[in-house]
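Presented below is the structure to which this report refers.
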Amino acid sequence: MDVLGALIVVAAAVACGGSSTPPRARDGGRPDPPVLIDPPVAFEGHERFVAEIRGAAEELTGASVTVETGPRSSLEILDVQCDAVRCGLLARVHDRRPNLGKPVPAPIDGQTEVLLVTTARGTVHRGLLTVLPLDALRLAGGAANATGGGLQMASSVDVASGTSLRAREDSRPLRWLLFGPTRIAGAIDVLASGSQGRAGGRGGGGPGSDAAGPGGGRGDRAGGGGGGGNAAPGENGSGAAGEEGAGAAGGERRAPCATDFEADDCGGGGGGGAAGHGGAGGGTVVLASLQPIDLSGGRIVATGSGGLDGGGGGAGGNVVLAAPSIAWPELIDVAGGEGGTSGAVRGGRGGGGFLRVDVPGVVPLAGVVRGPAVRVDALDALTSAERMRLEGVAEPGATVVAERIDGSGRVEATAADDGAFTLEFALVPGLNRVRVRSAGPSGPMQSLTGTSFELVVREGRTVPVGGLLDCVRLAEGS
């Protein structure tokens with residue numbers, strides 16, 4: 001069950017009388033039946049929340065939708081269109097509440113917004129929408145801020161120039177799911193230090209020992225440790241080869257664990273040990289935003305560390321960026337660390353890391369894997385059209401697939417040599433929630449950008465799956 005679906009029962013229960021404010025009765029008689037809002041949950045900071053309103057026992061053509069909860073409401077209605085059966089809603093969800101200090105909100109943190117649907121006959125139906133709070137992250141003052149990583153959902157992010165965010169040792173990958181504006185003028189630092197990894201990067205091997213985990217270089221006291229691997233294999237030491245990294249085969253790029261939000265042990269492989277320790281692998285950073293990301297003046301560093309006394313260098317880590325558009329930073333570095341030397345013994349250099357970008361525009365970076373990304377500014381949130389034209393960019397030669405989240409409506413196309421693709425997707429009446437995936441030389445990838453995010457709950461843990469394209473199809477002429 002997805003996190004939105006998990007709250008449907010709660011929302012429905014409130015709508016049917018669980019609220020302390022019961023439905024208003026008409027002329028002293030029975031209350032008008034409530035309407036259902038799908039999806040029933042929104043997040044603070046969401047600039048383009050799209051929902052379907054349905055379930056009224058009368059025609060909705062010409063109906064209006066307003067917010068009962070008043071000027072302090074977090075919901076700003078941008079557009080409403082109705083046909084006989086349903087209304088489509090486009091809204092902006094403002095961040096009105098103080099930060100709670102929670103990386104991921106719980107259902108109990110939600111605030112109920114009451115929507116009033118007034119029909120052409122003057123009948124008023126009430127619908128309930130739960131708005132979950134998200135923190136607005138602000139880092140300033142030139143300070144170095146430590147983080148333990150993990151999933152962080154935020155309404156907006158601002159990291160000021162001269163300010164850094166650095167992963168602690170033994171921390172989890174840093175993965176941010178961002179609903180609103182994002183500006184990073186400072187530094188995000190998940191580089192390895194010594195033989196200890198950060199943000200999912202794997203540690204280097206001890207003296208003469210192999211580095212543990214996928215991509216670990218082999219240890220050799222006499223011959224030099226092999227470099228760790230990731231997107232590319234590490235180099236041989238003086239007689240000890242670094243193994244290829246997770247998902248890398250013969251140096252080919254493969255999509256690693258970076259976008260598996262349940263994988264905490266995810267980063268560059270450590271170097272093998274020799275007389276000294278091998279270097280550690282760089283960590284993992286994922287920035288996925290529904291709004292443009294401004295990285296101008298910023299830096300993201302996920303390099304592997306160098307080996308000591310003949311130890312192999314650690315591999316570079318993983319950086320994934322996904323947004324409708326990106327203002328590019330001064331530096332993104334996923335290089336492997338140098339092998340250490342001890343007399344004539346030299347450890348192998350760590351392999352390079354993985355850089356994936358899901359953005360439909362031009363990417364002025366070398367060695368980038370292009371994840372599928374659709375131009376969302378060309379999409380109508382509310383439409384009477386029977387088809388939705390999806391234009392975007394993916395990995396050249398990849399098979400790009402679009403389908404609704406229940407697997408229906410599947411269409412596919414092949415990305416051209418420049419990565420461009422076009423899909424004509426048939427819409428069904430009501431809410432359409434569409435995911436876009438690709439399968440190409442770098443393996444299968446689901447787009448991380450769109451107009452909303454697909455979230456699921458596994459073992460009580462909220463897990464992002466990818467981006468979604470949301471729109472409501474209404475009858476022609478509505």
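When 442, 305 are sorted by how many other C-beta atoms sit within 10 angstrom of their C-beta, beginning with the fewest, the order is 442, 305.
Can you work out D for the chain in µm² s⁻¹ from Stokes-Einstein, where Rh is the Kirkwood radius over C-alpha pairs, the temperature is 10 °C and the viscosity is 1.306 mPa s? The Stokes-Einstein estimate is 68 µm²/s. Summary value for region 252-352: 29 percent relative contact order, contacts being C-alpha pairs under 8 angstrom separated by 6+ residues. When you filter the trypsin sites (Lys or Arg not before Pro) in region 402-471 for DSSP loop state and at most 14 other Cβ atoms inside 10 Å of their Cβ, you are left with 410.
Here each label is just a point 7 Å from Cα along the line to Cβ, and for residue 417 and residue 366 those points are 2.1 nm apart. Placing unit charges on the Cβ atoms of the charged side chains and taking the dipole of the chain about its Cα centre, the candidate lying farthest along the positive direction among 35, 80, 236 is 35. Magnitude of the charge dipole for region 136-370, about its Cα centre and with charges confined to Cβ atoms of Lys, Arg (+1) and Asp, Glu (-1), is about 240 debye. A Förster radius of 41 Å, combined with the Cβ-Cβ distance separating residue 77 from residue 170, puts the computed FRET efficiency at roughly 0.35.
Counted by neighbouring Cβ atoms within 10 Å, the residues 184, 326 run from fewest to most as 326, 184. Spin-label model, residue 399/residue 108: points 7 Å from Cα along the beta carbon direction are separated by 4.7 nm.
Each other residue within a Cβ distance under 11 Å of residue 110 adds +1 if Lys or Arg and -1 if Asp or Glu, for a net charge of -2.
The simple spin-label model puts a point 7 Å past each Cα toward its Cβ; for residue 465 and residue 100 those points are separated by 2.3 nm.
Measuring from a point 7 Å past the Cα of residue 457 along Cα-to-C-beta, which residues in region 106-120 have an amide N at less than 11 Å? Under cut-off, by backbone N: 106-108. A cut-off under 9 angstrom between Cβ atoms defines the neighbours of residue 88, and their net charge, with Lys, Arg +1 and Asp, Glu -1, is -1. Can you give the local net charge around residue 426? Use residues other than it whose beta-carbon is closer than 12 angstrom to its beta-carbon, Lys and Arg +1, Asp and Glu -1. Within the 12 Å Cβ shell, the charges total +2.
Relative contact order, whole percent, for the chain stands at 12, derived from Cα pairs under 8 Å and 6 or more residues apart.
Here the residues 438, 408, 161, 325, ranked from fewest to most Cβ neighbours within 10 Å of their Cβ, fall in the order 408, 161, 325, 438.
Dividing the mean sequence gap of close Cα pairs (under 8 Å, 6+ apart) by how many residues region 75-185 holds gives a relative contact order of 20 percent. The magnitude of the dipole of the chain, with charges of +1 and -1 set on the Cβ of Lys/Arg and Asp/Glu and taken from the Cα centre, is near 640 debye. Amide H contacts of residue 44: 132, 134, each under 5 Å away and 5 or more positions distant or on a separate chain (H built 1.01 Å from N in the peptide plane; Pro and chain starts excluded). Of the options 340, 197, 177, report the single residue whose Cα projects farthest towards the positive end of the charge dipole of the chain (beta-carbon charges: Lys, Arg +1; Asp, Glu -1). The Cα lying farthest towards the positive end belongs to 197.
Since every read-out is calculated from the coordinates, none of them should be taken as a lab result. Computed from a prediction, not measured in an experiment: that's the story for all the values here. As a convention, Cβ positions derive from the backbone with ideal geometry for all residues, glycine included, and neighbour counts pool all protein chains shown.
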